[in-house]
Amino acid sequence: MPNGARTRPGTTEPPSPTSPGRRRLLRRAALAATLVTGPSLGGCLTASERSPDERSRRHFILHGSTHWETHPASLSDTPITPHERLYVCNHLPFPARGFVADRSGWKLEVDGTRQTTVLSVAQLRSLGEESLTMVLQCAGNGRRFFDHRPRGPGWGIGAVGCVTWTGVPLRRLVAALGGVGRGARYATATGGEPLNPFLDRLVSMRVERSIPLEKVLDDCLLAWTMNDVPIPLVHGGPLRLIVPGYFGINQIKYLRKLSFTDKESDSSVMRRLYRYRPLGAGPAPTQPTTWAMGPKSWIWPPRDVAQPRSASLRGVAFGGLDALERVEITVDEGRSWRAVPVTGPDLGRYAWRAFEFRLDLPRGAYRVASRAIDIAGRRQPRRRTPNAGGYGNASWSDHAVRVELV
Ligand SMILES: Nc1nc2c(c(=O)[nH]1)N[C@H]1C(S)=C(S)[C@@H](COP(=O)(O)O)O[C@H]1N2
Ligand SMILES: [Mo]
């Protein structure tokens with residue numbers, strides 16, 4: 001399996017356009033259209049892609065047909081998350097099986113470069129490939145801890161995994177096309193879910209995100225492989241944009257178009273959703289969007305609260321955009337911290353690392369929490385910052401576990 005050695009160092013809410021009455025109408029039409037196209041497309045999927053199959057169902061907590069959260073127990077025992085266990089988050093019904101029938105023939109439209117073109121995955125492959133291992137995490141992971149019951153799936157800790165991706169670095173593609181046009185500030189990536197002729201014209205309905213150009217040219221990939229297998233349909237095959245250190249929504253699946261633009265996309269997932277919107281405020285494109293992830297860690301909930309005093313606890317930690325520097329634990333609500341050793345393999349800047357420790361404390365009940373600190377000195381915060389969508393919860397206090405040493 002390719003690993004850190006090859007790594008460079010380094011909701012379901014239906015989107016909708018503006019005016020309220022029109023918005024409600026469009027939303028209803030969109031929903032109806034989704035319902036109409038959904039089952040017929042779904043019919044082309046294998047059982048394991050339409051829903052978790054019998055073998056894998058035990059790995060998931062279902063929040064609806066296209067939102068599957070992984071059980072912590074199915075995440076905690078491997079440094080790399082097998083694709084059969086990786087959480088799934090799709091805004092729209094999964095596309096038809098035909099999407100992955102001819103993987104090398106899948107077409108990507110590229111514009112905003114000196115040379116505008118359409119490239120097949122086979123042509124992209126000829127540009128060369130690199131691999132990187134990365135934490136993939138939904139921006140709404142940890143949403144269930146928020147008090148105001150945000151809309152969207154009530155993810156606990158399992159809308160996350162750590163995956164190795166292989167594909168062509170975007171900087172190589174851009175170089176091959178003569179560089180980006182003057183004034184380009186973003187790469188805007190469009191998901192290829194088939195909408196329908198009516199919805200297709202509504203940019204707002206597309207799963208489309210804009211990524212800052214510097215990041216794109218630094219270390220983003222167009223990936224066709226995950227964990228050494230062709231990317232499965234539910235995870236965005238044949239082609240997916242990989243933006244290491246950024247939240248899940250930026251990792252556009254079924255990538256069909258990449259535009260180098262001077263403005264951010266007008267899609268709902270760029271303009272209205274996935275922004276840190278204060279409670280009670282309306283959506284505004286000036287609110288910060290969910291791009292880079294910050295440091296985060298947690299201790300895997302032990303199977304039983306009662307633990308022998310010799311038992312060890314285990315967890316994972318990652319830095320997000322920057323590499324992890326260290327992990328600390330507290331048993332007194334943050335009054336004192338002690339560093340604990342990371343024991344898992346180092347799979348590169350964007351991967352998570354396992355840690356493990358013993359408590360060595362008198363018998364009794366404890367609330368144990370961990371916090372990650374990145375190389376820039378950023379610390380996982382004590383509290384979540386309330387925001388309407390329930391995004392970006394890295395609170396160490398929310399993720400504390402209870403143990404009773406007996
Ligand atoms: N085309 C497309 N890309 C998408 C999405 C989507 O609905 N359509 N969902 C996004 C969200 S919100 C997340 S969290 C991740 C989930 O990736 P996974 O399903 O492979 O775990 O994909 C992102 N990319
Ligand atoms: Mo997500």
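The values are calculated or read from the model by the stated rules, or taken from the named source; none is laboratory data. Note that this is a predicted model, so its numbers are computed, not measured. Backbone-built Cβ (ideal geometry, glycine too); neighbour counts: all protein chains shown. Note: areas computed on protein heavy atoms with side chains; ligands, DNA, RNA excluded. Shrake-Rupley method; radii C 1.70, N 1.55, O 1.52, S 1.80 Å.
Answer yes if at least one residue in the stretch 176-186 is of a type in the set (Gly, Ala, Ser), under 20 Å from Trp106 (Cα atoms) and part of a helix (DSSP H, G or I), and no otherwise.
Within the stretch 176-186, the first condition is being of a type in the set (Gly, Ala, Ser), and the residues that meet it are 176, 178-179, 181, 183-184.
Then drop every residue that is not under 20 Å from Trp106 (Cα atoms), which leaves 176.
Applying the additional criterion that residues be part of a helix (DSSP H, G or I) yields 176.
Looking for residues that are of a type in the set (Gly, Ala, Ser), under 20 Å from Trp106 (Cα atoms) and part of a helix (DSSP H, G or I), one finds at least one in the stretch 176-186, hence yes.
Quick test of your reading of the structure: Arg309 fulfils all but one of (1) open to solvent by less than 50 Å² (accessible area, probe 1.4 Å); (2) under 30 Å from Arg363 (Cα atoms). Name the failing condition by number.
Result: Arg309 passes all but (1).
Checking Gly161 against (1) within 14 Å of ligand 1 (Cβ to nearest atom); (2) in contact with a strand residue (DSSP E or B) (Cβ under 7 Å, 6 or more places away or on another chain); (3) in a loop (DSSP other than H, G, I, E, B); (4) of a type in the set (Gly, Ala, Ser): exactly one of these is not met. Which one?
That leaves (3) as the condition not met.
For residues that are of a type in the set (A, V, I, L, M, F, W, C) and part of a loop (DSSP other than H, G, I, E, B), scanning just the stretch 368-406, find the one that is surrounded by the fewest Cβ atoms within 10 Å (Cβ to Cβ). Reasoning before the result, please.
Pass one, the stretch 368-406, residues of a type in the set (A, V, I, L, M, F, W, C): 368-369, 372-373, 375-376, 388, 394, 396, 400-401, 403, 405-406.
Of the ones still in play, those that are also part of a loop (DSSP other than H, G, I, E, B) are 375-376, 388, 394, 396, 400, 406.
Working: Ile375: 13, Ala376: 11, Ala388: 20, Ala394: 24, Trp396: 27, Ala400: 20, Val406: 13.
Only one residue fits best here, namely Ala376.
Examine the stretch 125-135 for a residue that is within 16 Å of ligand 1 (Cβ to nearest atom) and open to solvent by 40 Å² or more (accessible area, probe 1.4 Å), and state whether such a residue exists. Step through it out loud before you land on a result.
Start the filter on the stretch 125-135 by keeping residues that are within 16 Å of ligand 1 (Cβ to nearest atom), which leaves 132-135.
Filter once more, so that each one left must be open to solvent by 40 Å² or more (accessible area, probe 1.4 Å): none.
No, the stretch 125-135 has no match at all.
Give the residues of the stretch 101-115 that are touching a Phe, Trp or Tyr at 6+ places or on another chain (Cβ under 8 Å) and farther than 18 Å from Val168 by Cα, sorted by residue number.
The answer is Gly112, and nothing else.
Only residues that are in a helix (DSSP H, G or I) and out of contact with any strand residue (DSSP E or B) (no Cβ under 9 Å at 6 or more places or on another chain): list them for the stretch 124-158, please.
Arg143, Arg144, Phe145
Given the criteria open to solvent by less than 20 Å² (accessible area, probe 1.4 Å), modelled with pLDDT under 95 and part of a helix (DSSP H, G or I), does Val216 qualify? Can you show your working first?
Details: open to solvent by less than 20 Å² (accessible area, probe 1.4 Å): yes; modelled with pLDDT under 95: no; part of a helix (DSSP H, G or I): yes.
Here the answer is no, as Val216 does not meet what is asked.
Quick one: which residue in Gly161, Gly179 is within 16 Å of ligand 2 (Cβ to nearest atom) and not aromatic (Phe, Trp, Tyr)? Lay out the reasoning, then the answer.
Values: Gly179 fails: within 16 Å of ligand 2 (Cβ to nearest atom).
Going through Gly161, Gly179 in turn, just one is within 16 Å of ligand 2 (Cβ to nearest atom) and not aromatic (Phe, Trp, Tyr): Gly161.
Can you tell which of Leu202, Leu195 is within 14 Å of ligand 1 (Cβ to nearest atom), surrounded by fewer than 23 Cβ atoms within 10 Å (Cβ to Cβ), among the hydrophobic types (A, V, I, L, M, F, W, C) and over 30 Å from Asp398 (Cα atoms)?
Checking each option against the conditions leaves just Leu195.
Look at the stretch 265-282 and say how many of its residues are open to solvent by 60 Å² or more (accessible area, probe 1.4 Å), assigned to a loop (DSSP other than H, G, I, E, B) and of a type outside the set (Gly, Ala, Ser).
Narrowing the stretch 265-282 to residues open to solvent by 60 Å² or more (accessible area, probe 1.4 Å): 266, 271-272, 276-280.
Those still in the list that are assigned to a loop (DSSP other than H, G, I, E, B) too: 266, 272, 276-280.
When the remaining residues are screened for being of a type outside the set (Gly, Ala, Ser), the result is 266, 272, 276-279.
Selection size over the stretch 265-282: 6.
Search the stretch 136-158 for residues being farther than 24 Å from Arg272 by Cβ and more than 13 Å from ligand 1 (Cβ to nearest atom), and hand back the single one that is nearest to the chain's Cα centre (by Cα). Write out each step before concluding.
So in the stretch 136-158, the residues farther than 24 Å from Arg272 by Cβ come out as 156-158.
Now drop any that are not more than 13 Å from ligand 1 (Cβ to nearest atom), which leaves 156-157.
Working: Gly156: 14, Ile157: 13 Å.
My answer is Ile157.
Where residues in the stretch 219-264 are among the small types (Gly, Ala, Ser) and not in a helix (DSSP H, G or I), which of them is farthest from ligand 2 (Cβ to nearest atom)? Let's see the steps before the verdict.
First pass over the stretch 219-264, keeping only residues among the small types (Gly, Ala, Ser): 223, 236-237, 245, 248, 259.
Still in the list and also not in a helix (DSSP H, G or I): 223, 236-237, 245, 259.
Working: Ala223: 17, Gly236: 12, Gly237: 18, Gly245: 15, Ser259: 22 Å.
Filtering first and then ranking leaves Ser259.
Please specify each residue of the stretch 354-367 satisfying the condition of being of a type outside the set (A, V, I, L, M) and either part of a strand (DSSP E or B) or within 20 Å of Arg143 (Cα to Cα) (or both). Write out each step before concluding.
Taking the stretch 354-367 and keeping what is of a type outside the set (A, V, I, L, M), we get 355-358, 360, 362-364, 366-367.
Across the stretch 354-367, the qualifying residues are Phe355, Glu356, Phe357, Arg358, Gly364, Tyr366, Arg367.
Taking the stretch 65-108 only, how many residues are open to solvent by 60 Å² or more (accessible area, probe 1.4 Å) and within 16 Å of ligand 2 (Cβ to nearest atom)?
1
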